[in-house]
Amino acid sequence: MRSLAHGAVVLALVSGGIAVTAQPSFAACAPEKPIFKISNVKVAYRPTNVMSDFIKGPGSISYSKSKAATSTWTGSAGIGGDIGAIIAEANIKIEGSYAKAWTKDTTWTYRLDIASGKTQRIRMFHASKSFSVAKKTFNSGQCKWKTVYSGKNVIVPSKSNVNVWKRENL
């Protein structure tokens, strides 16, 4: 016999000592929303589309340009459809505020000295968070959780205008 927790109705006929189990025609458990678990959170800086040309040193790069800088989320294969829910969970569990993409349109100005013998440029990197995510879904027919994926890596940009400039070698 199935237990009452699984939605079965048990009738006992006292006179004949016979137990009858009636199976319901509906799912045994109420449906549950998927669960996203975030772990291994780290600060990350994603490259943007704002960068100078390369120059050969000795010399300096003076970069000043009006441009929309962008940084978008990246992640392991198989999570694309879940990114909205993953970012919503990140906004609850991780300090800060995150989005699928960050864009800032302004004039970017920066100067960098290049050493002799080096060929470099400067690029703006945007503050982001890197983390692992796992997704579980609930099977209401079996009344149990199933892991859909785990250990998927995601990097999401901060909504804040927090950036660093870094050297890149040719």
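Annotations for the structure displayed:
- Which numbered condition residue 91 fails, given (1) at pLDDT 90 or above; (2) part of a strand (DSSP E or B); (3) among the polar types (S, T, N, Q): (2)
- Candidates in the stretch 68-89 are the residues that are open to solvent by 60 Å² or more (accessible area, probe 1.4 Å) and more than 8 Å from the chain's Cα centre (by Cα); of these, the one that is farthest from residue 152 (Cα to Cα) is 72.
- Members of the stretch 108-129 found to be open to solvent by 30 Å² or more (accessible area, probe 1.4 Å) and not β-branched (Val, Ile, Thr), listed by number: 110, 111, 113, 115, 116, 117, 118, 121, 123, 129
- Test: residue 169 is surrounded by fewer than 15 Cβ atoms within 10 Å (Cβ to Cβ) and more than 30 Å from residue 54 (Cα to Cα): no
- Some residue of the stretch 90-104 being touching a Ser or Thr at 6+ places or on another chain (Cβ under 9 Å), touching a residue at least 12 places away in the same chain (Cβ under 8 Å) and farther than 16 Å from residue 155 by Cβ: yes
- Residues located in the stretch 32-46, provided they are assigned to a strand (DSSP E or B) and either open to solvent by 50 Å² or more (accessible area, probe 1.4 Å) or among the hydroxyl-bearing types (Ser, Thr, Tyr) (or both): 35, 37, 39, 40, 41, 42, 43, 45, 46
The values are calculated or read from the model by the stated rules, or taken from the named source; none is laboratory data. These numbers come from a predicted model, not from an experiment. Heads up, the Cβs are rebuilt from the backbone with ideal geometry, glycines too, and the neighbour counts pull from every protein chain shown. Remember, those area values only see protein heavy atoms, side chains included, never the ligands or the DNA or RNA. Shrake-Rupley method; radii C 1.70, N 1.55, O 1.52, S 1.80 Å.
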